[in-house]
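This report refers to the structure that appears directly beneath it.
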Amino acid sequence: MSIPGPLRPVRRSGARLAPDERYTAILVAARKVIAAQGYENTVIADIAKEAGIVEGTIYRYFDNKRELLVKVAEIWFGEKLSEPSHLESIPGTRHKLRHLALRTLAIIRSDPVLSRFMLMELRPDPNYRSSPFFELNRRFTHEVVEVCQQAIDSGEFSKDVAATLLRDMFFGCIEHRTWAFLRGEGEFSSEEVADGVVEIICRGMTVPTLVSVDPGAIAARLARIESLLTDAPQPKLDD
């Protein structure tokens, strides 16, 4: 599946836009209006006004508002997915997971409206699993699965819990901790959320390091203690 390319404003003075340019102009206008008003309050008339066209022109390209918003969200998510995560330069499982958590939280903070639209409108849709968003989301979250699976395979993490379940815990915690923010009812600290999520996973999954014991060294120490006790002066008992 190809990743939708980023939207670029179309500027053409005195010339009629080609159909593909008009299509892009509508998407750019829709994204700007959605960011300012929220997807619930956005109407086609506002988008048409922002794009400098009549409402009827939009319906040549999109059947309804939802279809237009879905395309805007798809392109936005594709843009985020195309951004490099730089995960290969991060050392250690804990640091990698923290990096991915901060990346996810940064996306939510940068565009809460489209983040909420995906969680509230697109994911609960009965056709979600056959939509482009399912594949985009699977690719976005797969890095967490890979990091956890590598830790399991190396013996750093316990094999008792699947990497996919750890992924669900990872993103589930982030979703719950940012939900008030997405509703416009609260705030969150990216550092605190990332540290908390990673601490839960790493503390619960990390296999304790066993200290190797040398029986010969223990025997030597016991013999030394016995020798010291034997050679020690005995206290005199009073008559």
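The values are calculated or read from the model by the stated rules, or taken from the named source; none is laboratory data. Bear in mind that the values here come from a model prediction, so they are computed numbers and not experimental data. In this analysis, Cβ positions are derived from the backbone assuming ideal geometry, glycine residues included, and neighbour counts consider all displayed protein chains. Please note that ligands, DNA and RNA were not included when accessible areas were found on the heavy atoms of the full protein model with its side chains. Shrake-Rupley method; radii C 1.70, N 1.55, O 1.52, S 1.80 Å.
Helix 65-82: angle to the longest alpha-carbon principal axis of the chain, degrees 0 to 90, nearest 10? For 65-82 against the chain, the angle is about 40 degrees.
Between amide H atoms placed 1.01 Å from N, distances below 5 Å from residue 157 occur with 152, 207, all of them 5 or more places distant or on a separate chain. Placing +1 on the Cβ of each Lys and Arg and -1 on the Cβ of each Asp and Glu in the chain, which of 208, 162, 223 has its Cα farthest towards the positive end of the resulting dipole? Towards the positive end, the residue furthest out is 162.
Of 217, 18, 30, which is the most mobile in a GNM of the chain whose springs link Cα atoms less than 10 angstrom apart? The residue that fluctuates most here is 217.
Dipole magnitude for segment 149-210: computed about the Cα centre from +1 point charges on Lys and Arg Cβ and -1 point charges on Asp and Glu Cβ, it is near 180 debye. Peptide packing: for 128-134, 173-179, the average count of neighbouring Cβ atoms within 10 Å per residue gives the ranking 173-179, 128-134, highest mean first. Helix 93-110 and the longest principal axis of the C-alpha atoms of the chain enclose an angle of approximately 30°. Counting only alpha carbon atoms, the long axis of helix 19-37 and the longest principal axis of the chain meet at about 60°.
Here the translational diffusion coefficient of segment 80-146 follows from Stokes-Einstein with Rh set to the Kirkwood radius across Cα pairs; for 4 °C and 1.567 mPa s it amounts to 98 µm²/s. Converting phi to 3J(HN,Hα) with the Karplus coefficients 6.51, -1.76 and 1.60 and the offset θ = phi - 60°, segment 166-178 yields 5, 4, 4, 5, 4, 6, x, 4, 4, 4, 5, 6, 10 Hz in sequence order, with x at every glycine or proline. Calculated accessible area for the chain comes out at 62 Å² per residue, all protein chains present (probe 1.4 Å; ligands, DNA, RNA ignored). Once you divide the Cα radius of gyration of segment 14-103 by 2.2 N^0.38 Å, the number left is 1.47.
When the pairs 32/71; 49/71; 49/80 are compared against a 23 Å limit on Cα-Cα distance, 49/80 fall above it. Between the listed residues 87, 118, 52, the Cα displaced farthest toward the positive end of the dipole of the chain, a dipole computed from Cβ unit charges relative to the Cα centre, is found at 52.
For residue 159, the lysines whose Cα comes closer than 21 Å to its Cα, not counting residues fewer than 8 places off in the same chain, are 96.
Translational diffusion coefficient of the chain (Stokes-Einstein, Kirkwood radius from Cα pairs, 25 °C, 0.890 mPa s): 111 µm²/s. Panel values: segment 120-181, Kirkwood radius from alpha carbon pairs, Stokes-Einstein at 10 °C and 1.306 mPa s, translational diffusion coefficient 121 µm²/s.
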